[in-house]
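The values are calculated or read from the model by the stated rules, or taken from the named source; none is laboratory data. These numbers were taken from a predicted model, which means no experiment stands behind them. Cβ sites come from the backbone with ideal geometry, for glycine too, and all protein chains shown count toward neighbours. Note: areas computed on protein heavy atoms with side chains; ligands, DNA, RNA excluded. Shrake-Rupley method; radii C 1.70, N 1.55, O 1.52, S 1.80 Å.
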Amino acid sequence: MKITADHAAISHLVHFIRNELQRHTDPNRAAEMQRYMKTNQPFYGVPTPLRKEIFRQARKIAPLACRADYEAAIRELWCGTFREEMYMALEVAGGLKRFHSEESWPLYQDLVATATHWDTLDWLASRIVGPLVLRNRALERDLIDWSDSPKLWVRRASLLAHLKHKDQTNTELLTATILKLAGEKEFFIRKAIGWVLRDYSYTNPAWVEAFVEQHKGSLSGLSCREALKQLHRQAAKVQ
């Protein structure tokens, strides 16, 4: 039997969140946040700790009982006018971990496909997509498709989804993805390559060092510097 969304519960949660964001509007902070993100999308100017508190209150007064409610609330917030509504969609997505399964994968794919900058994409890729891929390796097929996407942020997600996989990192897929994207001039792709390699260097420094040495002709200077940053720190401590 298909479970339909409880529109009253969703409306209550979304309405509460939007009212609280509006109630805590800070025009000066909003202008600073908008300048920092270099976007035309408006901000309320609500900082992260306060947004987290708003979510904690919202889930108490308007609990989401099923996956349909969870997904509908996220989609409603994600399409909001203000940037913090997208952030709150991610709070809902990340905070209700019982719905983190392959059944929610189509939703997460849609969020990745419509992310507009690193501030939303990176959180989604590293905290929701990455852990889910780690538990469901069949989803790696979609990471391969993402690496071919015409959208910058989707390609970035194909890299950042490997973050925090530690000794379970699929180095074959990671290698293929990095080498596929290594020639790009995009800063955010080059930075992501270095970031994911640096993250893995905490687990397998020898592998990362050998990888960079073998492929330094293909990798950008930025990617190489980021990849080896932790290794160079450790070497400096020894000296």
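At a glance:
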quantity: Partner lysines for LYS97 [C-alpha distance under 18 Å; skip if fewer than 8 residues away on the same chain]; calculated: LYS52, LYS60, LYS164
quantity: Convex hull volume of the chain per residue (C-alpha atoms, cubic angstrom); calculated: 147
quantity: Label-point gap, in nm, between SER149 and LYS60 - each point 7 angstrom along Cα→Cβ; calculated: 3.6
quantity: Along each principal axis, Cα extent of the stretch 190-239, largest first, Å; calculated: 30, 19, 18
quantity: Approximate spin-label separation HIS117-THR81, in nm, with each point projected 7 Å along Cα-to-Cβ; calculated: 1.9
quantity: Hits among aspartates and glutamates - C-alpha to C-alpha of LYS191 under 13 Å, sequence gap 8 or more where chains match; calculated: ASP122, ASP199, GLU226
quantity: Residue-normalised accessible area of the chain, expressed per residue, 1.4 Å probe, Å²; calculated: 51
quantity: Positive-pole candidate from TYR87, HIS162, SER220, dipole of the chain, charges at beta carbon; calculated: SER220
quantity: Simple Cβ-charge dipole of the chain, Lys/Arg +1 and Asp/Glu -1, about Cα centre, in debye nearest 20; calculated: 580
quantity: Taking the C-alpha atoms of the stretch 83-221, convex hull volume expressed per residue in Å³; calculated: 104
quantity: Computed over the stretch 53-167: relative contact order in percent, which uses C-alpha pairs under 8 Å that are six or more apart; calculated: 21
quantity: The stretch 37-123: trypsin sites (Lys or Arg not before Pro) falling in loop per DSSP and having at most 13 other Cβ within 10 Å; calculated: LYS38
quantity: Pairwise FRET efficiency - ARG35 versus GLU102, Cβ, R0 = 35 Å, nearest 0.05; calculated: 0.35
quantity: Kirkwood-Stokes translational diffusion coefficient of the stretch 31-119, alpha-carbon pairs, 25 °C, 0.890 mPa s, µm²/s; calculated: 178
quantity: Spatially proximal lysines relative to LYS185 (Cα-Cα < 19 Å; intrachain offsets below 8 disregarded); calculated: LYS151, LYS216
quantity: Those residues of the stretch 215-229 whose amide nitrogen sits under 18 Å from the label point placed on ALA236, 7 Å along Cα→Cβ; calculated: 222-229
